[in-house]
1. Describe numerically, in nm with one decimal, the distance between label points set 7 Å from Cα along Cα→Cβ at residue 339 and at residue 368.
2. Compute the accessible area per residue over the stretch 253-341, keeping the other protein chains in place, probe 1.4 Å, unit Å².
3. Send over the per residue convex hull volume for the stretch 174-235, Cα only, as a whole number of Å³.
4. Using θ = phi - 60° and the Karplus form 6.51 cos²θ - 1.76 cosθ + 1.60, what ³J(HN,Hα) does each residue of the stretch 425-434 get, whole Hz, x for Gly and Pro?
5. What list of ³J(HN,Hα) values in whole Hz, one per residue of the stretch 138-155 in order, does the Karplus curve 6.51 cos²θ - 1.76 cosθ + 1.60 (θ = phi - 60°) give from phi, with Gly and Pro shown as x?
6. Accessible area per residue for the stretch 398-438 in Å², computed with a 1.4 Å probe and the full protein assembly in place, what is it?
7. Please compute the modelled spin-label separation between residue 131 and residue 283, points set 7 Å along Cα→Cβ, answer in nm with one decimal.
8. If packing is taken as the mean number of other Cβ atoms within 10 Å per residue, what is the order of 358-367, 386-395, 182-191, 450-459, highest first?
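The values are calculated or read from the model by the stated rules, or taken from the named source; none is laboratory data. Just so it is clear, the model here is predicted, and its values are computed rather than measured. Using ideal geometry, Cβ is built from the backbone for each residue, glycine included, and neighbour counts are taken over all protein chains shown. Keep in mind that these areas ignore ligands, DNA and RNA; they rest on the heavy atoms of the full protein, side chains included. Shrake-Rupley method; radii C 1.70, N 1.55, O 1.52, S 1.80 Å.
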Amino acid sequence: MSAKKWITAAFLVLFAGCTFPVREDVDQLVCRRSMTGFDMLPERELATEKLDEPSAKGGSQDPKKKRTIQDRLPVNKDIPGAEVPPIVIPRVGKDEYRTMIEKVIGQYFPDIPKVDRDQDFPLGPDGRPLTLSDLQQIAFANNPVLRQVAADVQAARGMAIQAGMYPNPYVGYQSSSAGPGGGPIVGMIVGQTIKTGGKLKLAQAAAIADLRAAEFAYQKAEADLLSNIRAHYYAVLVAQETIRANRGVVELTDEVYRVMVDQLRVGEVSPYEPNQLAVFAEQARLALVQSRNTRHLAWRQLAAAMGVPHMPPVALAGNANRPVPKLDFEKALAHILSKHTDVLATDASIEKARQNLRLAQVTPYPDVSVQAGLANDLTPPGPSRLVTSLQVSVPIPLWDRNKGNIMQSQAALVRANEEPHRVQADLTARFSEAYNRYETNRVLLEIYRKQILPKQVQAFRGAVLVHFGIDAGKVSYSDLVQSEQNLVAVIPAYLAVLANQWQAVVDVSNLLQTDQLYQMAEQVAREPEINLEELLRLPCHHRCPASASIGTPAGFGLEPVVPVQERPQPIGPRPERLPQPAPERPVLPAVSNQSPQLLAPTATGDR
């Protein structure tokens, strides 16, 4: 090839990517979109938009003039609603005041209409409200997740059956044409692969462990479904209780507003006082609207959780104010750590890892293939003859000895052996957090019901009595309004604690995986005594000097403290802080070409 052709070829190789049009297409698409206007205001709005005028505060005022309180406390135009004109009542005589004040009240303080009573949801199909048990039965019949997990169980059962099936024999036809050695020859062959080393039993044992795990997963799905229905059920009940409380707040605030308007009518208060109560009354109405919408949302979520998202609202039986019993922490935790499905499933995962490791170790054992044949030799001049043949073949494990899969299975077994430890730590942390909310909100709710709410009601009634009763005038307007607002502020806090309490109850029952929410405290109390310290003993041994040197109490699965001079040195150089002699590197075991069994751990069954 000439030098010119070489240069041309090199040019094409080096610059072929630059001539490919992908980059240009990408740039064109992006650049074209970048010139498109996004989220642009309509022209008519742009034409009417004006720049903010400079604030009147500051430069326009005479610096020699002393500023009044009104000058120092303006309502800046940036505050929404600042454009409303002030309420001005000129100073007039008593008779003129009565005539004028009625016009002011009619203009600025119209009467607030009473709130309508909220209609209850209609009764169920049989003329009664649905109980929590009714909702859970509907969920079990319609929830798709439960059916999916049940299908997973059947799939695992099918895999367990299939894993133990022996390979099918095979048959075939063979023929050869006439050649120097004779022929033609026609016939048939029959073959069979013989599995050795108990591979089928090991594979089926691993699949059976998967089946057990799937059954535990189904039990957990049932518990999760029950918990989900409970959470949404109590969300509806708490929303109904919130509506009732907010309606009471609206009625109280409206009446305080009307009282203030009457006080304004006789000249005992200023216009700003009923005006402030009007704001509080509207805020109370907003809270009532939100609680009504929350109840509809809670019902829609409940219907969706049951698997019937189009189910219309139905009245629910139950009361969000029912007391919550005290739960024993240690007994409840012992119940969870011994009977939770996550704990039970760890045995299945360990068993599966053991069987898979043993299967990986025996996989290099060669399977035997046997093939028998029967042929009719038609070599002329005849006569034809039946010829039998037998062929036995065995693969030689020379290159592939399944070492990588053995190593992977060993690591999987180590991971499975650590799973009980992880599950116990996770369940303990989750239950501790849920129990803290359970017990805290239970106590808080009792304090609210017996102390805070009654005393706050008494404080408001006392303020009303002093302000309008025999000692009228001894309590100012601000004290009366503050007392009313303190009562109003306590109610949302109480309702939040009520909602948090039932969420904590549901979370605790989910960890206990009980079918009877209202009897879970009695069930836990009837549990036999379990040594929690023994139960919390680590199911695995961690031979880490750092873990043993932090002063962990003995008896919790950690190895005894190793003296410093006997501890294994870390691999790699130490940080350069102080001049120290370089540690001896431990000799890592070389990968051996010996039998795969030598790569297995010495005690694969130890936990």
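1. Using points 7 Å along Cα→Cβ, the separation is 5.2 nm.
2. Value for the stretch 253-341: 48 Å² per residue.
3. About 157 Å³ per residue, rounded to a whole number.
4. Result, ordered by residue: 5, 5, 5, 5, 5, 5, 5, 4, 5, 5 Hz.
5. Residue by residue, the stretch 138-155 yields 4, 5, 5, 7, 10, 5, x, 5, 4, 5, 5, 5, 5, 5, 4, 4, 5, 5 Hz.
6. Accessible surface, normalised per residue, equals 59 Å².
7. The answer from the label model is 4.3 nm.
8. Highest to lowest by the protection proxy: 358-367, 182-191, 450-459, 386-395.
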